[in-house]
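One structure is given below, encoded as structure tokens.
The values are calculated or read from the model by the stated rules, or taken from the named source; none is laboratory data. Please read these numbers as outputs of a predicted model, since none were measured by experiment. When we count neighbours, we look across all protein chains shown, and the Cβ atoms used for this are built from the backbone with ideal geometry, even at glycine. SASA here: full protein model, heavy atoms, side chains in, ligands and nucleic acids out. Shrake-Rupley method; radii C 1.70, N 1.55, O 1.52, S 1.80 Å.
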Amino acid sequence: MPERYHPASIESKWQKTWTETGLYRRDDAADKPKYYFLTMLPYPSGDLHTGHWYAMSPSDAAARFKRMQGYSVWFPIGFDAFGLPAENAAIKHGAHPHSWTMSNIANMRGQLRQMGAMFDWEHEAVSCLPGYYQWTEWFFRKFYDMGLAYREEAPVDWCPNCNTTLAREQVWGDDRHCERCGTPVIIKNLAQWKFRITAYADELLAGLDQIDWPERVKTMQRNWIGRSEGVEFAMSIQGRPDLSFRVFTTRPDTTFGMSFAVLAPEHPLVAAITTSDRADSVDAYVEAAGRKSELVRQTEAGEKTGVFTGAYAVNPVNGQPVPVWIADYVLMGYGTGAIMGVPAHDERDFAFARKYGLSTPIVIVDRAVYEAGPATVWDEAAGAALAAAFDQKEGGVMVNSGAFDGTPWPQSFAATAAWLTANAAGERKVNYRLRDWLISRQRYWGAPIPIIYCPTCGIVPVPYTDLPVLLPEDAQFKPTGESPLKFHEAFRHVACPQCGGDAERETDTMDTFLCSSWYQYAYVTPYWKAGEALSPDDTPWNPAEGERWLPVDQYTGGIEHATMHLLYTRFFTKAMRDAGLVSFDEPMLRLFNQGMILGADGEKMSKSRGNVVNPDDYVGKYGADTVRAFLMFIGPWDQGGPWNPRAIEGVHRFLHRVWSLVVDTPARHPGQAASPQEIRDLRRLTHQMLLKAAEAYEHFKFNTLVATLMGFSNALSEAKETAVYRTAAWDEAIRSLLLVMAPAMPHVTEELWERLGQPYSIHTQPWPQADPALAKAEEVEIAVQINGKVRDRLLVAADADEAAVQAAALASPGVQKWLGGQTVRKVIVVPGRMVNIVAG
């Protein structure tokens, strides 16, 4: 009886063998070109979910493919292990974050090994271990020395009942209440640490042109950085010449169209300028705005709201008074915290003006409108239809703007900017949407910030030789969520490194994004110099190994990280370069974003929907190779798709078919030898498959890859019953099939490779090279149209010239029938595809 395919025994056998032989150990020898392949590291939540498999299995296949192409490929793995869930587990279940995290990591290691990926476990790095976070703290200290780390007051979400800050995910509902106690959350300013990422804003923008990243990610980062050139100028309060505020605009040519100004609710001038009759409404609005985070205020849908302060400011270009409002869509942390409202030429200002009955002066029109005249069509009564399109620049002409009437863009920008600079304390400026990175977190489970506060010496950084500042193991977690470090006397109280007097440690910890901003470097030499005294001249990895492997050649992961992790790691690399740690500008040369795996209902997987798929269940039933291949087959990797429990059966049958092709002997076999034509046909199919598969791997088209392999295996199943079986062409086809499958389905191919008597391991074999001449079709099918309608199909030689194709088409009995004696007026040949005959 034929031997059946049993994935469970095969996969465990080869996973053990790969580990024992060190098959995926990093090769530091320089005899091959290096290729650092990296997929985003997981958070140790406890179990691998289908999303992990969907991100990692195709990444592994692509890394294996590069290895077969002759590269020395390194594919490390680790865990982004600090974070709020561990602290919540400590509060809810009494488990220390360290033990909870490490238990989860142990479980997930086993699941990752079950995947069969070529991870280099010898270079695993776990960010919550002291040997790792000593370097996270070292980076903080280094950035402090470079002037990139500084402390200032910044807003946080604060629960007044729990007396603690809240993470974004701890603020629930439209009414923004605390998840623990239900108390309405407020915004509170606390002294916190930041990294000066804005110092690299222009370089972060310019660098996007140097890396092979998806255009969508580049666009998101450009928009997030938000560079804009314009003019900042002063506006004084009417009747109060001692009070003024500054606004920034990218369109100084529209200043004559200003009909109102808006301050952020938290602007320091609000209380001073609000009139007594408006005080109650202004105070209520300020309080309501204070309960919203900046993120909510930026992204809140619906109509923009505001309140009039009762005060007026003077428009410097025409001396006209404009009402001053406050509105929560204006942020104190962005620009100057004040804007000018030009409703005829800004869509948001237009909606605000319509809602509150504010005037809409038109000051920019299209050149055609300007040249048509007369001037009266440009006043407000004529309607906004005569105004230029919102934010129109090219082709726009200034009107109703005094001496500037008739000035076109871009001269209008230069002229009005010069006037504001000379007459309104103006200055040309570059503004950025990007804000400095707030890294302070008021919680325990993170890398400590190595700062000491001394009443005599002030802010004192912990000396390099005293790093790491260790998290105390005996921390007591409060139900309120307050950081235990605030109440841990032994941690807080310390001698000042400078004067020796009594001092206190910083009790905030660092944003976990710091740990993931440099993890690709940590993998080079995990826990480098652990237990040794560090110095400012150190490098957080073995320099020789870093010189060999850095930077990352290929990175894969989700696009949801575009404006946080992917931006932060770019900033880190540029700062590291300036610190002399690396010689390059960008951390990852290439990036590919995979899509999202959905539930069978087409919705995002979630426990509440009941559509979560546990990959362990399917691995137990079908094997890891089937799960890997199925996830690759679902659809284009960059688009994702729904899990289909029925479709996985088809992939499993495919693997059984491949098994049978190698292991089983055909029931019958022709006695005669294969003809030369049969040999040519099989070799052509083999080399066509090789061309398509290489293209698919190179461009991450894994669904096309699996479809190609399925089609090829079907063809081999038919060929097995013919005289080509056991010929050299057959052996080539089977070897090629296994070699091409190997990166995607590593276990079954390793087993079948061994059964063919081939040397261990299939994963060290070179990629089989396709011969384009052998892959070229001998005949091609072409469609024949008569007056635009397909009337026949012909097989012609692939290298037939146009005259031969035309002659074959006109001689076809089917074509003659449809022509029916009509005169052929024109014949158009599209080589290799079709012939179009025009007759009548």
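Structure values in brief
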{"read-out": "Selection from the range 351-406 of residues that are of a type in the set (D, E, K, R), under 25 Å from Val324 (Cβ atoms) and modelled with pLDDT of 90 or more", "value": "Arg354, Lys355"}
{"read-out": "The range 429-443, residues that are open to solvent by 60 Å² or more (accessible area, probe 1.4 Å) and either within 30 Å of Glu371 (Cβ to Cβ) or part of a loop (DSSP other than H, G, I, E, B) (or both)", "value": "Arg433, Arg435"}
{"read-out": "Scan of the range 96-135 for residues that are in contact with an Asp or Glu (Cβ under 9 Å, 6 or more places away or on another chain), surrounded by fewer than 21 Cβ atoms within 10 Å (Cβ to Cβ) and under 19 Å from Leu514 (Cα atoms), ordered by number", "value": "His98"}
{"read-out": "Unique match (being under 16 Å from Leu774 (Cα atoms) and in contact with a helix residue (DSSP H, G or I) (Cβ under 7 Å, 6 or more places away or on another chain)) among Leu661, Leu705, Leu709, Leu691", "value": "Leu691"}
{"read-out": "Residue selected from the range 416-428 under the condition surrounded by fewer than 17 Cβ atoms within 10 Å (Cβ to Cβ) and modelled with pLDDT of 90 or more, by the criterion nearest to the chain's Cα centre (by Cα)", "value": "Arg428"}
{"read-out": "Within the range 203-222, considering residues that are within 30 Å of Ala418 (Cα to Cα) and either aliphatic (A, V, I, L, M) or at pLDDT below 95 (or both), the one least open to solvent (accessible area, probe 1.4 Å)", "value": "Leu204"}
{"read-out": "Test: residue in the range 693-707 that is closer than 27 Å to Lys776 by Cα, at pLDDT below 95, open to solvent by 70 Å² or more (accessible area, probe 1.4 Å) and part of a helix (DSSP H, G or I)", "value": "no"}
{"read-out": "Considering residues of the range 186-202 that are among the small types (Gly, Ala, Ser) and within 18 Å of Gly335 (Cα to Cα) only, the residue least open to solvent (accessible area, probe 1.4 Å)", "value": "Ala201"}
{"read-out": "Meets criteria (of a type in the set (A, V, I, L, M) and surrounded by fewer than 18 Cβ atoms within 10 Å (Cβ to Cβ)) for Ala533", "value": "yes"}
{"read-out": "Contacts under 8 angstrom Cβ, first residue in the range 262-288 being closer than 15 Å to Gly306 by Cβ and in contact (Cβ under 8 Å) with a residue 24 or more places away in the chain, partner basic (Lys, Arg) and open to solvent by 30 Å² or more (accessible area, probe 1.4 Å), 6 or more apart", "value": "Ile273/Arg240"}
{"read-out": "Residue list for the range 136-161, filter: in contact with a Gly (Cβ under 9 Å, 6 or more places away or on another chain) and open to solvent by 10 Å² or more (accessible area, probe 1.4 Å)", "value": "Pro155, Asn161"}
{"read-out": "Search result, residues across the range 667-680 that are out of contact with any Leu (no Cβ under 9 Å at 6 or more places or on another chain) and either touching a residue at least 60 places away in the same chain (Cβ under 8 Å) or surrounded by fewer than 14 Cβ atoms within 10 Å (Cβ to Cβ) (or both)", "value": "Ala667, Arg668, His669, Pro670, Gly671, Gln672, Ala673, Ser675, Pro676, Gln677"}
{"read-out": "Some residue of the range 228-237 being open to solvent by 70 Å² or more (accessible area, probe 1.4 Å) and either touching a residue at least 12 places away in the same chain (Cβ under 8 Å) or in contact with a strand residue (DSSP E or B) (Cβ under 7 Å, 6 or more places away or on another chain) (or both)", "value": "yes"}
{"read-out": "So Arg505, is it surrounded by fewer than 19 Cβ atoms within 10 Å (Cβ to Cβ), more than 30 Å from Gly226 (Cα to Cα) and touching a strand residue (DSSP E or B) at 6+ places or on another chain (Cβ under 8 Å)", "value": "no"}
{"read-out": "Subset tally (residues that are within 20 Å of Trp549 (Cα to Cα), of a type in the set (Val, Ile, Thr) and either modelled with pLDDT under 95 or not in a loop (DSSP other than H, G, I, E, B) (or both)) for the range 561-596", "value": "2"}
{"read-out": "Single condition Tyr523 does not satisfy, out of (1) under 30 Å from Ile634 (Cβ atoms); (2) open to solvent by 10 Å² or more (accessible area, probe 1.4 Å)", "value": "(2)"}
{"read-out": "Only one of Pro455, Pro472, Pro463, Pro450 that is closer than 20 Å to Arg141 by Cα, in contact (Cβ under 8 Å) with a residue 12 or more places away in the chain, of a type outside the set (A, V, I, L, M) and out of contact with any Lys or Arg (no Cβ under 8 Å at 6 or more places or on another chain)", "value": "Pro463"}
{"read-out": "Cβ pairs under 7 Å, 6+ apart, first in the range 540-566 and under 18 Å from Ile225 (Cβ atoms), second basic (Lys, Arg)", "value": "Ile559/Arg216"}
{"read-out": "Subset of the range 262-308 [within 36 Å of the chain's Cα centre (by Cα) and in a helix (DSSP H, G or I)]", "value": "Val286, Glu287, Ala288, Ala289, Glu294, Leu295, Val296, Arg297, Gln298, Thr299"}
{"read-out": "Qualifying residue in the range 471-492 (condition: of a type in the set (Val, Ile, Thr) and over 25 Å from Leu534 (Cβ atoms))", "value": "yes"}
{"read-out": "The listed residue being at pLDDT 95 or above, open to solvent by 10 Å² or more (accessible area, probe 1.4 Å), touching a strand residue (DSSP E or B) at 6+ places or on another chain (Cβ under 6 Å) and under 26 Å from Gly257 (Cα atoms), out of Val307, Val324", "value": "Val307"}
{"read-out": "Residues satisfying the stated conditions in the range 599-645, i.e. part of a loop (DSSP other than H, G, I, E, B) and of a type in the set (D, E, K, R)", "value": "Asp601, Glu603, Lys607, Arg609, Asp638"}
{"read-out": "Identity of the residue in the range 714-733, open to solvent by 20 Å² or more (accessible area, probe 1.4 Å) and under 16 Å from Arg755 (Cβ atoms), that ends up farthest from the chain's Cα centre (by Cα)", "value": "Arg726"}
{"read-out": "Given (1) surrounded by fewer than 13 Cβ atoms within 10 Å (Cβ to Cβ); (2) more than 41 Å from the chain's Cα centre (by Cα), index of the condition Val663 fails", "value": "(1)"}
{"read-out": "Scope the range 1-60; condition farther than 29 Å from Pro551 by Cα, open to solvent by 20 Å² or more (accessible area, probe 1.4 Å) and among the hydrophobic types (A, V, I, L, M, F, W, C); matching residues", "value": "Met1, Ala8"}
{"read-out": "Among the candidates Asp601, Asp638, residue that is modelled with pLDDT of 95 or more and open to solvent by 70 Å² or more (accessible area, probe 1.4 Å)", "value": "Asp638"}
{"read-out": "Criterion violated by Phe491 - all others in (1) more than 22 Å from Ala575 (Cα to Cα); (2) in contact (Cβ under 8 Å) with a residue 24 or more places away in the chain; (3) crowded, with 18+ Cβ neighbours inside 10 Å satisfied", "value": "(2)"}
